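Report on one structure; see the data block that follows.
Every read-out reported here was derived from the displayed coordinates using simple, explicitly stated rules and does not represent laboratory data. Nothing here was measured: the structure is a model prediction, and the numbers come from that model. Here the Cβ positions follow ideal geometry from the backbone for every residue, glycine too, while neighbour counts run over all protein chains shown.
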Amino acid sequence: MIAAAREFGARGVGVEIDAPLVQTSRESAQTAGVASRVTFTLARHSSSPIFAPATVVAIYLRDDVNLKLRPKLLSELAPGSRLVSHDFAMGDWTADRVQRAAGPHAHPRLYFWVIPGHAEGVWQVRLGGRDARLTLTQRYQTLGGTLSVDGREQTARGGADDGRSHHVHGR
């Protein structure tokens, strides 16, 4: 956060579970001259909503911690928010993009996700003047389902919800 504030003028809130690290981070922000743009707070307990106002979340946690945190990220972050994890994935939630970082002190991999919207369900639509029913299933950002028109069903698969619009993309 300090580097993002210093290099790009970003604003942010850091949440830490270790009180001494909160204090160290505050002192580092002061030294870097960005204390007016970044704040650091101690996470009181895991049920507190801490991610809701964020549009970008960057984490550097082990795989097992990421898996514990995943439901909270998905429930609190608005669709279209971005999540970046340094070095560690999110189990069966496939990243939208994985990139190798460059530089002598860079982390080997950066995982990037866009928080998906909630599209699962049964949708009544009009297609060419005919009533149709679209039944969608959703697993993270991946959509599938069936489209029923005039008693005929067609399988829909390979769709993706990018969380940024009300459109569903698919094949």
Between Thr94 and Tyr60, Cβ-based FRET efficiency (R0 22 Å, step 0.05) works out to 0.65
Over its alpha-carbon atoms, the stretch 2-114 yields an Rg and a Dmax in Å of 14.4, 40
In nanometres, the difference between 0.36 nm per residue of separation and the alpha-carbon distance of Ala4 and Ser36 is 10.2 nm
Taking the alpha-carbon centre of each part, the distance from the stretch 121-147 to the stretch 61-75 in Å is 29 Å
In nm, the gap between the two label points placed 7 Å beyond Cα toward Cβ at Arg11 and Glu76 is 1.9 nm
Taking Val122, Val57 and counting other beta carbon atoms within 10 angstrom, the fewest-first order is Val122, Val57
Label model pair Ile50, Val149: point-to-point distance (7 angstrom along the Cα→beta-carbon line) in nm is 4.9 nm
